[in-house]
Amino acid sequence: MSPFPAALLFMLLVAQAPAPPPTLPEILDRVAEEADVLQQNAPKALTQETLEQRTMVLPPRALLRVGKAATVTPKPKLLVREIVSEYSVGSLKESDSPDLVEFRQVVSVDGRRVQSAEHARHALSLGIQSPDDRVRKRMLEDFAKHGLVDVATDYGLILLAFTKRGVANMQVKAAGETRVGAEDALIFSWRQTSAAGGELDFFGNQSVRRPLQGMLYVRKSDGLPLRVQAWAEHPDAKRTIRDEAAVDYALSTHGFLMPASVVHRHLVDGELKTENLYRYEPFKLFSADAEIKFTEVPDTPPPPPPAKK
């Protein structure tokens, strides 16, 4: 005979039984809640972003090649660059859309200082006050000036696609289980049904948004978002161009999710051309970290007029 009453044994078994995983509606509610918290707090945050870009480039053509050398196609070489930037998030000042966008200012290139962090933060403050996408395009052109190609933007904010409004324009389906780091995770496939919250592409003087699809990874126990994968293909008559990204999120010291890393890949006809790895230092809040602020950097005074003789 058991020394424990049957009722007590039943209570012990119930206490030891794991809680059932959340349902899909509960998970989407949790993800939307985290997206809303990110939407509210990201504009108050600042961090340093390190971009390591790996790209395959052709060597410069020689002015004159003769004999067999003239018939040999040069092989591409791997070029690795490192760009450190001050990074923040904001909305365009006069835009009708409340959507947040990324702003960054280069601080150093391959270890060579370009400007001070204070000047970079001042430039960020001016960028966030800009009325349209032109200033962000100039920031991407600044990256190109430093030799970077196929730079991606706004992937760190992909979680914002999962607000209640965003999820209403998605198809979401269960896609299995896995592990993300030390966490048991549930996987869901997702596809946007409109381009409203999709990827932003710059072509010449125009910008175009394209719908995204991908995979969402959430913690099995409570639905906390852990990783978002996204990809899109671009129409081209001659080539198949595809951009894909994986964004890992982590709770900041202030209690809300922020991007920890982004891996972006640019492929042409299935061949990897460029890989961008973005890493982020811990985010600081303007209101909580007194030393972090957009400082007013005075303009350099003009030189004094030459002395009269």
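The values are calculated or read from the model by the stated rules, or taken from the named source; none is laboratory data. Just so it is clear, the structure is predicted and the values come from calculations on it, not from any experiment. What goes into the accessible areas is simple: the full protein's heavy atoms, side chains included, and nothing from ligands, DNA or RNA. Shrake-Rupley method; radii C 1.70, N 1.55, O 1.52, S 1.80 Å.
Sorted by accessible area with a 1.4 angstrom probe, largest first, how do D150, D142 fall? Show your work: numbers first, answer last.
Numbers: D150 60, D142 40 Å².
So the residues, ranked largest to smallest area, are D150, D142.
How much length is gained if the chain between E26 and M56 is pulled fully straight, taking 0.36 nm per residue apart and subtracting their Cα-Cα distance, in nm to one decimal?
Going from the current span to full extension adds 6.4 nm.
Tell me, what HN-Hα J-couplings in whole Hz come from the Karplus equation 6.51 cos²θ - 1.76 cosθ + 1.60 at θ = phi - 60° for each residue of the stretch 265-280, using x for Gly and Pro?
My calculation for the stretch 265-280 gives 10, 10, 10, 10, 6, x, 9, 5, 9, 9, 10, 10, 10, 9, 10, 10 Hz in order.
³J(HN,Hα) across the stretch 22-39 via Karplus (A = 6.51, B = -1.76, C = 1.60, θ = phi - 60°), whole Hz, x for Gly/Pro?
3J(HN,Hα) across the stretch 22-39, in whole Hz: x, 6, 4, x, 5, 5, 5, 5, 5, 5, 5, 4, 5, 5, 5, 5, 4, 4.
Order the following by accessible area, largest value first: E244, E33. Probe radius 1.4 Å; ligands, DNA and RNA are ignored. Each step should come with its number before you reach the end.
Details: E244 50, E33 105 Å².
The most accessible residue leads, giving E33, E244.
Return the long-range amide H neighbours of V180 (sequence gap of 5 or more, or a different chain), with a cut-off of under 5 Å between placed amide H atoms.
Placed amide hydrogens put A185 under 5 Å from V180.
Of K44/K284; K75/K145; K145/K238, which pairs sit farther than 20 Å apart, going by alpha carbon to alpha carbon?
K75/K145; K145/K238
Check A175: other-chain or 5+ apart residues with amide H under 5 Å from its amide H, H built from backbone geometry?
Under 5 Å from the amide H of A175: I187, F188, S189.
Determine the gain in length on full extension of the stretch A144-E281; use 0.36 nm per residue of separation and subtract their C-alpha separation, reporting nm with one decimal.
Computed gain between A144 and E281 is 47.0 nm.
Leaving ligands, DNA and RNA out of it, rank L78, L257, L160 by accessible area with a 1.4 Å probe, largest first.
The most accessible residue leads, giving L78, L160, L257.
Around L224, which amide H atoms from residues at least 5 apart in sequence, or from another chain, sit under 5 Å from its own amide H, with H modelled in the peptide plane?
Those lying under 5 Å, H to H, from L224 are R219.
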